[in-house]
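S.K.: Got a structure for you, questions after.
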């Protein structure tokens, strides 16, 4: 069960990571089915466990009756006579024994679960630790100036087939080294091997200063939840001059200054509030500010436009880092004309290495035609943009919240639980099942009390000399009046056994009804929660952290599955047990009221104090658990960066702080329970003393029925324990119900965006085969990602022709990706209209809209599953069609290397460039009339980019293609080019017409950047 639970939570984590891609491709139903599949397997074991628990509950409820019936029958048939002292002393002792006896099954279950958890943790702890002194070899020569030296190195990824073989090169202090090669050639693997993140099978790796770490920036930038400044500083002390120099060199100054809050804004989890280029630059600034001896920059320039790339290369890589050793992985070989060393990889081997002139095929063209004589600047300052007004980045495209509306943190709820929370749980189980449960519990408790009363009645008749049937039985069976003692004993025993049998039968029915109610409740709540989250608007995922959401699906769902039904079961039993005990005790000895009455205010005060404190502590425990989950998830995602920066001790400390915070609240919960237990035990002693004193006084003042006094004392002995249980179990139930309360916040749409985007629909009937031409028209469109943000598209109007290829270019933050967001309705436009083939997309259900368009997103999404599932999640295409599209996108060899279409892959099974090609393959399979390509070839080398552009022209020749690109060469063969700046259309014409105008923005972009 725990394995299937882990699979479900892992799958949910992947969904949250790729939720944007899932919504754009309308894969919600596929991933809901995937989660439900894991949930079904989990529920299979949970149902078995709950029915096993029902059997345990049955024995727990019937053991007192069975043992007492068996004991007294055996006692009588061995020739002994029942007396009040024997009967009620025995009952009291049996009740004391039954509590630990009934607890044994759950203790055994807890021990088994603890053992399983320990074995799983043990398996994790047995993994080998990173051993840097063992991985790195000492330098060959003590006088060597090499800061990195690899000799005959062979490396592998362990479970993957890809390997690096015969790696042999060295890097000296202060050199600029470029690493180039086609997609999947091993560029990222090589820099990973330098950082000891790859398994070394043979050869030597020498990095004398490895303990100082590396300034690493990965292909997929890793950022922490927090402000821009927090991410750049990364725990380092703030120095104003250094900070300003770094942000200027990384082309971040204008972005930061455009924000009302400057660098103090929360960028959300993983930097979700930033664009891809902005995330890359913040990650670069973090590395530069850290001041490391060696910098490894893995294709960071692909995420930014050519203008920003030139700025970063000139003022950062060749500016503030000019005296550092720099290893730059890039698909911009033209950037490397002034490098000291260029290494070209292909198929996991070095095919060329040497100076740029020797390695770069078009070296002369890069220097002469493009005029890229990059000087190794001595300063990071300089206005590369020429102060053009359109180079400024609007705050709107950062997708950051306005002042006072930062990314939402989990809020603590105060006070007692609302009755609506209890209603949610009861309704989830089904309103029909609860009356049956209450009825069976009522009958069970009544028969159990009747059983004890019958025993007291039996003893009273024996003590008083009226050993015979009562008046009722006398009327029903007059023959028993003249019966002998044996027959009369048999009569009492028969009734006693019949009552015990009724109690047992009803207890069995009640146990299985309760198990069924708990199963239905947890199943329905999880399904409703999943449906609510998966269909939420993009706004919800932008403002709520994945740790917050995962906490609902892990900790809270686990509580609703297991702990909550258990404590609710006990609570219902205890409530009826209190009522039965009080009723029986008062009926047997009415003067007990004199002792019980003063208990009411005392117990009420104790209950109120304990309840309020424990509930707040439970909420606090849940709140402290969310950042612990978030920190762990964040750490795992950025593990390579953390280890490269040599800041693992900082993250261990942060984890310890969050863990201690949660442990403190758990300790306080235990302390409060002990506080309650001590006071209830003291009150119990006083109650027993009071009842005993009353019995003695009654005996001296008048006649007392020994059987009924014994019954009253026996019940009051247990009354204090039952009342203690009522207080503790009642409060524990409320504490566990907090999980339902937290889930209920989602179910009742108490977060922005949870009202569900797929509910936006109409009765509009689509034309058959829509869209048939793919004509996209924007008319005076104003768009922003959130209501409180400035517009990122302003008065946008353009119309495409059928089958036309439109290129969209502009500086970083110009609003290019917002075109796609508006077209796919990730947020609704504020003004204007967008039509496709004359149909207003606002009138369409989102499924109909998005399923009829194709998208190749900027951030590729690969989930854990087979290659076939990743290409065609909905299963619409044959294997032959899949292999055909793999051939068109140059992925055939990569897929064969991992094991074919049925091989299970993850996001790191392929390179980032190959992941983008998988997304391209999906779009080719889709055959949509409207295709949006959002910087899909950013991580591809020039040759692969050229081939893929040809594939796009061939496969999408009947479709309208809107291509968003940083590289001018990616849109140069478009039919028309849309140039954006500051959210407005600056130009819209054919590439040739725009290039002929020397004063056009497109001409400036082409001449400033690298084509």
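Here, each number is a calculation from the coordinates, and none is a lab measurement. Because the structure is a prediction, the values reported are computed rather than measured. Because the Cβ atoms are built from the backbone with ideal geometry, glycine has one as well, and the counts that use them run over all protein chains shown.
S.K.: Cα centroid distance between segment 314-346 and segment 67-94, in Å?
M.R.: 92
S.K.: Per residue, how big is the convex hull around the C-alpha atoms of segment 506-577? Give it to me in cubic angstrom, could you?
M.R.: About 85 Å³ per residue, rounded to a whole number.
S.K.: Working out 0.36 nm times the residue gap between residue 682 and residue 93, then minus their Cα-Cα distance, what length gain in nm do you get to one decimal?
M.R.: 210.0 nm
S.K.: Next question. Against the longest principal axis of the chain, how steep is helix 28-77, in degrees 0 to 90 to the nearest 10, with axes from Cα atoms?
M.R.: 20
S.K.: Still on this structure, I have one more. Please work out the C-alpha center-to-center distance from segment 809-835 to segment 961-1011 and express it in whole Å.
M.R.: About 18 Å separates the Cα centre of segment 809-835 from the one of segment 961-1011.
S.K.: Kirkwood hydrodynamic radius, computed over distinct alpha-carbon pairs, for segment 301-342: how many Å, to one decimal?
M.R.: It is 10.7 Å.
S.K.: Here's another thing I want to ask about it. Between segment 534-565 and segment 608-676, how many Å separate their Cα centres?
M.R.: The two parts, judged by their Cα centres, are 17 Å apart.
S.K.: Could you work out the Kirkwood radius for segment 939-1011, taking every pair of different alpha carbons, averaging 1/r and inverting it, reported in Å?
M.R.: Value: 13.2 Å, from the Cα pair sum.
S.K.: Roughly how many nanometres apart are two label points built 7 Å out from the Cα toward the Cβ at residue 211 and residue 426?
M.R.: That separation, rounded to one decimal, is 6.7 nm.
S.K.: Quote the FRET efficiency, to the nearest 0.05, computed for residue 604 versus residue 851 with a Förster distance R0 of 60 Å and r equal to the Cβ-Cβ distance.
M.R.: My answer for the efficiency is 0.50.
S.K.: Just to be sure I understand the model, the point goes 7 Å from the Cα along the line to the Cβ. What's the resulting residue 877 to residue 992 distance in nm?
M.R.: With each label point 7 Å from Cα toward Cβ, the separation is 3.4 nm.
S.K.: What is the extension gain from residue 673 to residue 494, computed as 0.36 nm multiplied by their sequence separation minus the C-alpha to C-alpha distance, in nm to one decimal?
M.R.: Gain on stretching residue 673 to residue 494: 60.1 nm.
S.K.: log10 I(q)/I(0), Debye, Cα-only segment 784-888, no solvent, q = 0.17, 0.19, 0.23 Å⁻¹?
M.R.: Cα-only, vacuum Debye calculation for segment 784-888: -1.03, -1.16, -1.37.
S.K.: Over segment 580-672, what is the mean sequence separation of C-alpha contacts under 8 Å (at least six apart), divided by residue count, expressed as relative contact order in percent?
M.R.: 39 percent.
S.K.: So what's Rg/Rh here for the chain, counting alpha carbon atoms and using the Kirkwood radius for Rh?
M.R.: Value, to two decimals: 1.11.
S.K.: Something else now. With an 8 Å cut-off on Cα pairs and a minimum separation of 6 or more residues, tell me the relative contact order of the chain in percent.
M.R.: That works out to 14 percent.
S.K.: Now, a different point. At a Förster distance of 22 Å, what's the computed FRET efficiency of residue 351 paired with residue 946, Cβ-Cβ distance as r, to 0.05?
M.R.: According to the calculation, E is roughly 0.70.
S.K.: How high is the FRET efficiency from residue 114 to residue 74, r the C-beta distance, R0 35 Å, rounded to 0.05?
M.R.: 0.35
S.K.: Right, another one. Give the share of C-alpha pairs in each 10 angstrom bin for segment 599-690, from 0 to the last occupied bin, in whole percents, shortest bins first.
M.R.: 15, 30, 21, 15, 11, 6, 2, 0
S.K.: Tell me what the chain gives for mean residue ellipticity at 222 nm when only DSSP H runs of n ≥ 4 count, each as -39,500 (n - 2.57), the sum divided by the residue total, rounded to 500 deg cm²/dmol.
M.R.: -17500 deg cm²/dmol
S.K.: How would 326, 652 line up from fewest to most surrounding beta-carbon atoms within 10 angstrom?
M.R.: 652, 326
S.K.: Kirkwood hydrodynamic radius of segment 233-337 from all distinct Cα pairs, in Å?
M.R.: For segment 233-337, the Kirkwood estimate is 14.2 Å.
S.K.: Once segment 49-190 is represented by equal point scatterers at the alpha-carbon sites, with solvent omitted, what log10 I(q)/I(0) does the Debye formula produce at q = 0.21 Å⁻¹?
M.R.: -1.29
S.K.: Sticking with this structure for a sec: Within 10 Å of each residue's Cβ, count the other Cβ atoms and sort 660, 989, 452 from fewest upward.
M.R.: 660, 989, 452
S.K.: Taking every eigenvalue of the Cα gyration tensor of segment 1-53, multiplying by 5 and rooting it, what semi-axes result, largest first, whole Å?
M.R.: 27, 10, 6
S.K.: In what sequence do 229, 248, 853 fall when counting other Cβ within 10 Å, fewest first?
M.R.: The order, fewest Cβ neighbours first, is 229, 248, 853.
S.K.: Calculate the spin-label point distance for residue 597 paired with residue 772, positioning each point 7 Å from the Cα along the beta-carbon direction, and give it in nanometres.
M.R.: A separation of 9.0 nm, rounded to one decimal place.
S.K.: Sticking with this structure for a sec: For the chain, take the longest principal axis of its alpha carbons; what is the angle in degrees between that and the long axis of helix 2-17, to the nearest 10 within 0 to 90?
M.R.: 40
S.K.: State, as an integer percentage, the relative contact order of segment 1-61 based on alpha-carbon contacts under 8 Å between residues 6 or more apart.
M.R.: 51
S.K.: log₁₀ I(q)/I(0) of segment 19-108 at q = 0.13, 0.18, 0.22 Å⁻¹, via Debye over equal Cα point scatterers, no solvent, to two decimals?
M.R.: Summing over Cα pairs of segment 19-108 leads to -0.65, -0.88, -1.05.
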